[in-house]
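J.: Shown below is the structure under consideration.
The values are calculated or read from the model by the stated rules, or taken from the named source; none is laboratory data. As the structure is a prediction and not an experimental result, all values here were calculated from the model. Positions of Cβ are generated from backbone atoms using ideal geometry, with glycine treated the same way; all protein chains shown enter the neighbour counts. The protein model used for the area step is the full one, side chains on, heavy atoms only, and it has no ligands, DNA or RNA in it. Shrake-Rupley method; radii C 1.70, N 1.55, O 1.52, S 1.80 Å.
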Amino acid sequence: MRILALVKRIFHQMLRDKRALALMMVAPLLVLTLLNYLLSGNTVDPRLGVIKADDNLVERLKDNDITVLQVEENTKDLLLDKDLDGVLQFDGENISLTLTNDQPNAAKALQVKVQQAIAAEKAKEQAANLSAFMESIQSKLPGIPVKMEQVKAPEINTSYLYGNKDTIFFDQLSPILVGFFVFFFVFLISGIALLRERTTGTLERLLATPILRRDIVFGYLMGYGLFAVVQTIIVVTYAVKLLDITLVGSFWNVVIINLTLALVALSLGILLSAFANSEFQMMQFIPIAIIPQVFFAGIFPFESMAGWMQVLAKCMPMYYGGNALVEVMYKGSGLSEITNDLLVLLGFALVFIVLNVVALKKYRKL
């Protein structure tokens, strides 16, 4: 009977906490729905530029689900401006393939398709030589040796715009994970810390003083922000120096990006803590506010998403943070290339800070 009484108490407690009950039932459905759309998205055909390629080979490449564009030169600017995944160039018997390699898995798949197409064309050429050889035998007298021309296996000289032949998916994923872990833990710690301030009565005593709401928000941001700065530097230094995670660009640019992400996470965590009454309720915001962030941070190809999901992705701070980190750590871009991403992140932080000031109206009007 005591066990049944305890079960009954928990049951009634959960029914009274409508928000916890709703999040428990709805959050898994939301995450599963996002994953379903992400994993069932249409694959985008790779874009390949070709220089002096045979028309038959071009048709075979198209049959292999490759979008082929005729180009005049093979340069980095061309690859980026035309959003190409690679350039295939023929110079007599020499064949060269330059892969952008911004997504290692897609680059390897494109390389295989190109090799298969060229091998198939060479096999077709070999079959034609064999047919000509048989006709030659029939036209010559018995006993006269006839040599058959052999088609050499094609050798493709492959180069990479980013990374190298040993680059794997984790090399592109690791910069995103560094930013995500900074974002996640700053959000969690700041949100729970401010919640504890409120539940213990500290915030109520502060609000009883003449201090302005915006002063409270900026005070908490600066106070917790100092610890967020230390945490960010430790995480980035450990990831780059000790774990030897790929870093092509500047270490300090990586620090700047992660500090900006930490500011966004800090302001978001403080904002959501205003709507939670316990640590348990604060944890319930993770499936809604945090887990979707990692889906749109660059792990899944943006181009393969449905149109509405691309719009949703651009509403996520980690979309810009992940893009900036990949640009610097994997591609070696400078600060000028990621300025737009940093400005958008600062915009998110500003919006969350303003909303924090407004949210404090729940506890004091002035």
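J.: If you take just the helices (runs of 4 or more DSSP H) that sit entirely in the stretch 256-366, which of them hold at least 3 residues that are closer than 19 Å to Gln172 by Cβ? Walk me through how you get there before you give the answer.
T.: Numbers: elements: 279-284, 291-294, 307-313, 317-325, 339-359.
It comes to 317-325.
J.: Also, I was wondering about something else. What residue, among those in the stretch 320-340 that are closer than 20 Å to Val264 by Cα and without any contact (Cβ under 8 Å) to a residue 24 or more places away in the chain, is least open to solvent (accessible area, probe 1.4 Å)?
T.: The extreme case among them is Thr339.
J.: Name the single residue, out of those in the stretch 32-57 being outside any helix (DSSP H, G or I) and among the charged types (D, E, K, R), that is modelled with the highest pLDDT. Working first, answer last.
T.: We begin by selecting, within the stretch 32-57, every residue outside any helix (DSSP H, G or I); these are 40-54.
Remaining after also requiring among the charged types (D, E, K, R): 45, 47, 52, 54.
Details: Asp45: 80, Arg47: 87, Lys52: 82, Asp54: 80.
Here the residue is Arg47.
J.: Could you please tell me which pairs satisfy a Cβ distance under 7 Å, a separation of 6+ or placement on different chains, a first residue in the stretch 239-261 that is open to solvent by 20 Å² or more (accessible area, probe 1.4 Å), and a second residue that is of a type in the set (S, T, N, Q) and part of a helix (DSSP H, G or I)?
T.: Going by the 7 Å Cβ cut-off, the qualifying pairs are Ile245/Ser174; Thr246/Ser174; Leu259/Thr232.
J.: Name the single residue that is farthest from the chain's Cα centre (by Cα) among those in the stretch 198-218 being open to solvent by less than 40 Å² (accessible area, probe 1.4 Å) and more than 19 Å from Met282 (Cα to Cα).
T.: Of everything passing the filter in the stretch 198-218, Leu207 is farthest from the chain's Cα centre (by Cα).
J.: If you take the residues of the stretch 276-295 that are at pLDDT below 80 and more than 25 Å from the chain's Cα centre (by Cα), which of them is least open to solvent (accessible area, probe 1.4 Å)?
T.: Ala276
J.: In this structure, does Leu48 turn out to be of a type outside the set (Gly, Ala, Ser) and open to solvent by less than 20 Å² (accessible area, probe 1.4 Å)?
T.: Values: of a type outside the set (Gly, Ala, Ser): yes; open to solvent by less than 20 Å² (accessible area, probe 1.4 Å): yes.
When the stated conditions are applied, Leu48 passes them.
J.: Just give me the residues in the stretch 296-310 being of a type outside the set (A, V, I, L, M, F, W, C) and crowded, with 17+ Cβ neighbours inside 10 Å, in sequence order.
T.: Gly298
J.: Among the residues in the stretch 63-75, are any assigned to a strand (DSSP E or B), touching a residue at least 24 places away in the same chain (Cβ under 8 Å) and out of contact with any Cys (no Cβ under 9 Å at 6 or more places or on another chain)?
T.: no
J.: Looking only at the stretch 84-102, which residues are in contact with a helix residue (DSSP H, G or I) (Cβ under 8 Å, 6 or more places away or on another chain) and of a type in the set (D, E, K, R)?
T.: If the condition is that a residue be in contact with a helix residue (DSSP H, G or I) (Cβ under 8 Å, 6 or more places away or on another chain) and of a type in the set (D, E, K, R), then Asp85, Asp102 are the ones that fit.
J.: Looking at Gln70 and the list (1) open to solvent by 50 Å² or more (accessible area, probe 1.4 Å); (2) out of contact with any Gly (no Cβ under 8 Å at 6 or more places or on another chain); (3) farther than 19 Å from Ser159 by Cβ; (4) not β-branched (Val, Ile, Thr), which single condition is not satisfied?
T.: (2)
J.: Being outside any helix (DSSP H, G or I) and acidic (Asp, Glu) is the requirement here; does Asp215 meet it? Break it down stepwise before answering.
T.: Working: outside any helix (DSSP H, G or I): no; acidic (Asp, Glu): yes.
The answer is no for Asp215.
J.: Of the conditions (1) under 27 Å from Ala119 (Cα atoms); (2) modelled with pLDDT under 80; (3) of a type outside the set (A, V, I, L, M), Tyr162 clears all except one; give me its number.
T.: With respect to (1) under 27 Å from Ala119 (Cα atoms); (2) modelled with pLDDT under 80; (3) of a type outside the set (A, V, I, L, M), Tyr162 is out only on (2).
J.: Is it the case that some residue within the stretch 113-136 is of a type in the set (Lys, Arg), open to solvent by 50 Å² or more (accessible area, probe 1.4 Å), modelled with pLDDT under 80 and part of a helix (DSSP H, G or I)?
T.: The answer is yes, given that some residue of the stretch 113-136 is of a type in the set (Lys, Arg), open to solvent by 50 Å² or more (accessible area, probe 1.4 Å), modelled with pLDDT under 80 and part of a helix (DSSP H, G or I).
J.: Would you mind telling me which numbered condition in (1) in a helix (DSSP H, G or I); (2) free of Cβ contacts under 8 Å to residues at least 24 places away in the same chain Thr209 fails?
T.: (1)
J.: Could you check, for the stretch 91-100, whether at least one of its residues is in contact (Cβ under 8 Å) with a residue 12 or more places away in the chain, open to solvent by 70 Å² or more (accessible area, probe 1.4 Å), of a type outside the set (Lys, Arg) and in a strand (DSSP E or B)?
T.: Yes, the conditions are met somewhere in the stretch 91-100.
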